[in-house]
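Structure record follows, encoded as C-alpha cells.
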C-alpha cells in the first residue's frame, strides 16, 4: 500500500516537470541490479520514459559507469549489451562529453558546483546542455548541489 503512494507521488513529480530529466547513474543501477527499496521506483521512472510520458537525458559517463557493473562481476560480454540497451532506450538522449557540455560547469548559479565531484559535474552539465528541468538522483553530492525544485531523490519519496 505504501508503494502505491510512492508511485503516485513520483508520477506527479515527474509529470509536473513534463519535458526532460537527467537520470543519474545510481537510478539506472537500482534497476539493473534490483537494489531495494529503490528498484520499483526506478522501474516506474523507466516505464514512464519508455511510454513517452517523460523523456530523459543520460550522460555517456553514466552509460560507462553502468557498464562497469557486469565487467566488475566478470561478465565481459554483457557490458556491450548494457551499453546498447541504454543508448537505444526509447525517449532518451545520450549526451556525450563535449566542449559545449564542459562550458556549463561553473556557469549556472543555481548549481553549487563546489559540492560536486568531477563526474557529477559532467552529468549535471550534460543535462544543462539539453535544457533539462529535473535531475533525478539519490547521490548525496547532487542533493547538496542542486536546488530542491530541480531535484528528485527517491529517498524523499
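The values are calculated or read from the model by the stated rules, or taken from the named source; none is laboratory data. Every value quoted in this text rests on a predicted model; they were computed, and no experiment measured them. For neighbour counting, all protein chains shown are included, and Cβ atoms are generated from backbone atoms with ideal geometry for every residue, glycine included.
Here are a few things to note about the model shown:
- Residue within segment 52-72 that is part of a loop (DSSP other than H, G, I, E, B), free of Cβ contacts under 8 Å to residues at least 24 places away in the same chain and within 18 Å of residue 26 (Cα to Cα) present: no
- Some residue of segment 31-42 being within 26 Å of residue 149 (Cα to Cα), outside any helix (DSSP H, G or I) and in contact with a strand residue (DSSP E or B) (Cβ under 6 Å, 6 or more places away or on another chain): no
So that you can scan it fast, the table gives a plain yes or no per residue for (1) within 16 Å of residue 49 (Cα to Cα); (2) free of Cβ contacts under 8 Å to residues at least 40 places away in the same chain; (3) surrounded by 14 or more Cβ atoms within 10 Å (Cβ to Cβ):
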{"position": "88", "(1), (2), (3)": "yes, yes, no"}
{"position": "92", "(1), (2), (3)": "yes, no, yes"}
{"position": "96", "(1), (2), (3)": "no, yes, no"}
{"position": "109", "(1), (2), (3)": "no, yes, no"}
{"position": "112", "(1), (2), (3)": "no, yes, no"}
{"position": "118", "(1), (2), (3)": "no, yes, no"}
{"position": "125", "(1), (2), (3)": "no, yes, yes"}
{"position": "135", "(1), (2), (3)": "yes, no, yes"}
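- Any hit, segment 53-68, residues being at pLDDT below 90, surrounded by fewer than 17 Cβ atoms within 10 Å (Cβ to Cβ) and either within 11 Å of the chain's Cα centre (by Cα) or farther than 15 Å from residue 95 by Cβ (or both): yes
- Residue count, segment 126-157 (criterion: closer than 12 Å to residue 24 by Cα and either outside any helix (DSSP H, G or I) or touching a helix residue (DSSP H, G or I) at 6+ places or on another chain (Cβ under 6 Å) (or both)): 12
- Flag for residue 156 being at pLDDT 95 or above and over 17 Å from residue 48 (Cβ atoms): no
- Hits in segment 73-113 (condition: farther than 26 Å from residue 149 by Cβ, in a loop (DSSP other than H, G, I, E, B) and modelled with pLDDT of 95 or more): 88, 89, 90, 96, 97, 98
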